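This report refers to the structure that appears directly beneath it.
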Amino acid sequence: MNYGISKMPGRMRAFVAIAIASAMLITIFSTGCASSRRDALVARQVNVSNRQLEIGQRVFMAECNQCHPGGAAGLGPAINNKPIPGFVLRFQVRHGLGAMPKFGHSQISSEALSDLVLYVKTLRHEPMLVARQ
């Protein structure tokens, strides 16, 4: 007998799909949360050359920098050394995960969130500054 997912009842298929999606999200987030650099503050100098980056930097400094100083590991994990896709960053900002709070539309507008994602991606490509603590 072949009991593939297509032969399962509707509720069971939905449960299996949710379980698989949850496992994938947990894998994505758990591999991106560990940082190997806790002994040095790794910060990136960003050349804020356009309005979107300027807004993204302002949002980052107001909402993110406390836990991810300059994109480096702090209270939260480093975010400047991981190739996290933009949609994952948006999801994590909107829904939170673990100790990270969620930020609703009243805190960060959709436009500001897009600018924030652009700024975080820019953090990955700018020269690094390393300062010993």
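The values are calculated or read from the model by the stated rules, or taken from the named source; none is laboratory data. Source: prediction; values computed, not measured. Counting neighbours? That spans all protein chains shown, and the Cβs are built from the backbone with ideal geometry, glycine included.
Is it true that some residue in segment 38-52 is at pLDDT 90 or above and not assigned by TED's automatic domain parsing to the domain that holds A21?
yes
Tell me which residues, restricted to segment 57-76, are in contact with a helix residue (DSSP H, G or I) (Cβ under 7 Å, 6 or more places away or on another chain) and either surrounded by fewer than 18 Cβ atoms within 10 Å (Cβ to Cβ) or modelled with pLDDT of 90 or more (or both).
Q57, V59, F60
In segment 62-79, which residues are without any contact (Cβ under 8 Å) to a residue 40 or more places away in the chain and either outside the structural domain of L116 (by TED's automatic domain parsing) or over 14 Å from F103 (Cβ atoms) (or both)?
Scanning segment 62-79 gives P69, A72, A73, G74, L75.
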